[in-house]
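See below for the structure under consideration.
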Amino acid sequence: MSEEFNNVYEDLEWRNAIAHATPRAREILSRDKITCYNGFDPTAKSLHVGNLVPIMGLVRMQRYGHTPIVIVGGGTGMIGDPSGRSDERKLLMVDIIDENVAGIQQQLESFLDFTPSLSNPAQVINNADWLRKVSLIEFLRDVGKHFSISTMLGRESVQTRMDREVGISFTEFSYQLLQAYDFLKLYEDHNCTFQMGGSDQWGNILGGVDLVRRVHGGAVADEPDSANREAAGSLAQALAYPLITTSTGEKFGKSIGGAPTLDPDQTSPYRLYQFFYNTTDADAVPYLKLFTLLKKTRIEELERAVHEAPRERAAQQSLAAEMTRTVHGDRGLEEARRVTNALFSDDLRKLSASELRGAFTEATHGTVSPADLADGITLASAVTVHGGGMIASASDLRRLVAQGAVKINGKVETDPLRPLTSADFIDDQVMVVQRGKKSHDLIWLETDQR
RNA sequence: GCAGGGGUUGGGGAGUGGUUAAACCCGGCAGACUGUAAAUCUGUUGCCUAUGGCUUCGCAGGUUCGAAUCCUGCCCCCUGCACCA
């Protein structure tokens with residue numbers, strides 16, 4: 001597929017996308033065309049930038065001819081993974097989970113190729129299909145039998161929780177069995193032999209690998225060097241991605257209002273573009289490797305650019321453009337660039353009211369009625385009382401104005417108590433409230449016919 | 001259940017009758033520099049109709065001119081011991 005690497009493993013390796021892998025993962029990925037899977041938790045109805053590494057992992061697998069399966073955890077989502085959590089997770093309602101599963105499925109379609117006529121079409125499978133149906137007795141006999149309590153108790157995710165006051169419920173404790181069962185099911189029904197996931201999942205992932213090997217390979221935990229063990233060793237493989245952090249050690253994805261999602265209604269293409277555009281120099285190349293499909297030669301070119309002409313920000317621009325295009329398409333990228341140009345030249349009048357509406361899906365929105373205007377509503381009141389939380393309080397606004405941080409429609413504001421007029425609204429419809437350099441919110445003027 | 005310790009502004013953590021909207025650190029927000037970066041520096045970080053006023057220190061009540069600071073009751077948390085195994 002690619003002229004640069006012999007197989008996915010090498011590709012992923014070069015991208016620093018492998019934190020752990022089973023011993024024979026490289027060998028098998030380079031020799032066979034396999035079916036692999038990655039699970040996603042349906043805790044929200046949209047995926048977010050933190051999911052990009054696993055998504056791109058599947059995309060790369062598919063490009064090298066392997067068959068990707070996405071498991072959405074409609075069943076496991078009802079239990080909750082204790083990994084990385086200090087508290088018992090609250091259980092989600094079934095219908096919310098199902099809704100989230102549908103949303104995630106749709107988003108994945110812009111990454112993976114689901115065309116059924118392909119030799120390796122991607123597919124989405126909901127583990128609720130079996131988890132909600134399996135009987136307790138059957139589960140305990142077929143799955144539980146293969147797990148040792150002491151191993152399960154040894155898990156770090158379990159340990160940390162047991163050390164705390166809150167403890168861990170049996171329900172969450174069982175999570176590792178359910179995840180392992182997924183792998184077993186996929187192995188049996190879809191000939192899936194390879195699991196991928198984040199390094200925080202590595203323990204759970206190995207649980208699945210082990211289960212498959214025991215059930216189908218006759219491997220026994222107590223005889224690690226037996227012939228059975230050796231034969232079983234080729235049955236199931238796995239790989240884990242590293243936890244992505246910024247160069248300053250923060251968890252990737254942190255930004256105003258949390259991690260940007262891949263849903264244009266929650267995070268506009270503009271915001272996603274900006275998120276990646278603002279990547280610091282030290283992170284730009286690592287991110288290009290992890291998140292984009294750009295070729296090695298191209299990335300190396302950009303790497304040089306970062307060193308030689310950092311102020312051009314060629315790497316950040318490519319990163320932002322690539323990501324915006326893969327998530328939101330050419331039109332999304334187009335929009336993101338147009339809005340960026342207008343906003344960072346303070347020439348907001350270049351944008352129409354409807355463009356602003358599309359550009360700021362995630363911004364705070366407020367509304368003011370013509371009657372309010374007639375009453376001489378002040379800027380402070382519009383922005384706080386009617387602003388839906390864009391600025392916390394009049395005091396806050398006062399401080400920001402004093403620091404010269406507030407712009408209305410691109411012009412620095414000096415008087416927070418001045419009454420508004422219809423001239424403050426672009427196209428007589430919308431006012432852009434800018435707080436600092438990068439944060440924009442909108443106030444709409446309600447039309448008479450509502 | 002008994003004995004100790006503790007609950008302070010986003011987090012950590014000072015403060016034990018007035019000069020305390022409450023030190024300090026972190027975090028947040030903004031400004032400067034630069035490259036819409038990082039680092040650094042600066043300002044700011046309860047609310048308001050703002051040279052003043054109001055509301056905050058687990059909850060409720062009380063003492064006092066005056067309380068986060070003292071008293072009473074209640075709630076919650078931690079640490080020992082006991083009970084239970």
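Per-structure values
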read-out: Leading residue by the ranking (nearest to RNA strand B (Cβ to nearest atom)) among those in region A:435-450 that are closer than 19 Å to A:S381 by Cβ, in contact (Cβ under 8 Å) with a residue 60 or more places away in the chain and not aromatic (F, W, Y); value: A:D441
read-out: Among (1) modelled with pLDDT of 95 or more; (2) crowded, with 18+ Cβ neighbours inside 10 Å; (3) within 14 Å of RNA strand B (Cβ to nearest atom); (4) of a type outside the set (G, A, S) - the single one A:E303 does not satisfy; value: (2)
read-out: Any chance A:V70 is in contact with a Pro (Cβ under 6 Å, 6 or more places away or on another chain) and open to solvent by less than 20 Å² (accessible area, probe 1.4 Å); value: no
read-out: Qualifying residue in region A:321-329 (condition: loosely packed, with under 15 Cβ neighbours inside 10 Å, over 17 Å from A:L52 (Cα atoms) and outside the structural domain of A:W14 (by TED's automatic domain parsing)); value: no
read-out: Condition met for A:G388 (within 15 Å of RNA strand B (Cβ to nearest atom) and open to solvent by less than 40 Å² (accessible area, probe 1.4 Å)); value: no
read-out: Subset of region A:336-360 (residues that are out of contact with any strand residue (DSSP E or B) (no Cβ under 7 Å at 6 or more places or on another chain) and within 22 Å of A:V412 (Cβ to Cβ)); value: A:V339, A:T340, A:N341, A:A342, A:F344, A:S345, A:D346, A:D347, A:K350, A:L351, A:A359
read-out: Top-ranked residue in region A:344-362 [being part of a loop (DSSP other than H, G, I, E, B) and touching a helix residue (DSSP H, G or I) at 6+ places or on another chain (Cβ under 9 Å); ranked as farthest from RNA strand B (Cβ to nearest atom)]; value: A:T361
read-out: So A:S83, is it modelled with pLDDT under 80 and within 30 Å of A:V327 (Cβ to Cβ); value: yes
read-out: Near pairs, Cβ below 6 angstrom, 6+ apart or cross-chain, from region A:359-374 (open to solvent by less than 20 Å² (accessible area, probe 1.4 Å)) to any residue that is assigned to a helix (DSSP H, G or I); value: A:A359/A:Y270; A:A359/A:V339; A:V368/A:A382
read-out: Every residue from region A:275-299 that is within 12 Å of RNA strand B (Cβ to nearest atom) and either under 18 Å from A:F5 (Cα atoms) or open to solvent by 20 Å² or more (accessible area, probe 1.4 Å) (or both); value: A:F275, A:Y277, A:N278, A:T280, A:D281, A:A282
read-out: Cβ-Cβ under 9 Å pairs, at least 6 apart or on other chains, region A:245-256 side not assigned by TED's automatic domain parsing to the domain that holds A:T280 and at pLDDT 75 or above, far side open to solvent by 80 Å² or more (accessible area, probe 1.4 Å) and near RNA strand B (Cβ under 8 Å from one of its atoms); value: A:T246/A:K254
read-out: Hits in region A:413-434 (condition: free of Cβ contacts under 8 Å to residues at least 12 places away in the same chain and closer than 19 Å to A:V339 by Cα); value: none
read-out: Residue in region A:396-414 that is surrounded by the fewest Cβ atoms within 10 Å (Cβ to Cβ), counting only those that are closer than 21 Å to A:D347 by Cα and within 6 Å of RNA strand B (Cβ to nearest atom); value: A:G404
read-out: Number of the condition not met by A:F111 [criteria: (1) open to solvent by less than 20 Å² (accessible area, probe 1.4 Å); (2) assigned to a loop (DSSP other than H, G, I, E, B); (3) of a type outside the set (D, E, K, R); (4) modelled with pLDDT of 90 or more]; value: (1)
read-out: Members of region A:131-143 found to be open to solvent by less than 30 Å² (accessible area, probe 1.4 Å) and free of Cβ contacts under 8 Å to residues at least 60 places away in the same chain, listed by number; value: A:L131, A:F139
read-out: Count of region A:29-52 residues which are in a helix (DSSP H, G or I), open to solvent by 10 Å² or more (accessible area, probe 1.4 Å) and touching a residue at least 12 places away in the same chain (Cβ under 8 Å); value: 3
read-out: For A:R313: the one exception among (1) closer than 22 Å to A:L12 by Cα; (2) within 11 Å of RNA strand B (Cβ to nearest atom); (3) among the basic types (K, R); value: (1)
read-out: Test: residue in region A:144-154 that is among the charged types (D, E, K, R) and touching a residue at least 24 places away in the same chain (Cβ under 8 Å); value: no
read-out: Residue, nearest to A:G387 (Cα to Cα), within region A:415-434, restricted to residues that are within 16 Å of RNA strand B (Cβ to nearest atom) and open to solvent by less than 30 Å² (accessible area, probe 1.4 Å); value: A:V433
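The values are calculated or read from the model by the stated rules, or taken from the named source; none is laboratory data. On a predicted model such as this, the values are computed, not experimentally measured, just so you know. No Cβ is skipped: glycine too gets one built from the backbone with ideal geometry, and neighbour counts run over all protein chains shown. Calculation scope for accessible area: heavy atoms of the full protein, side chains included, ligands and nucleic acids excluded. Shrake-Rupley method; radii C 1.70, N 1.55, O 1.52, S 1.80 Å.
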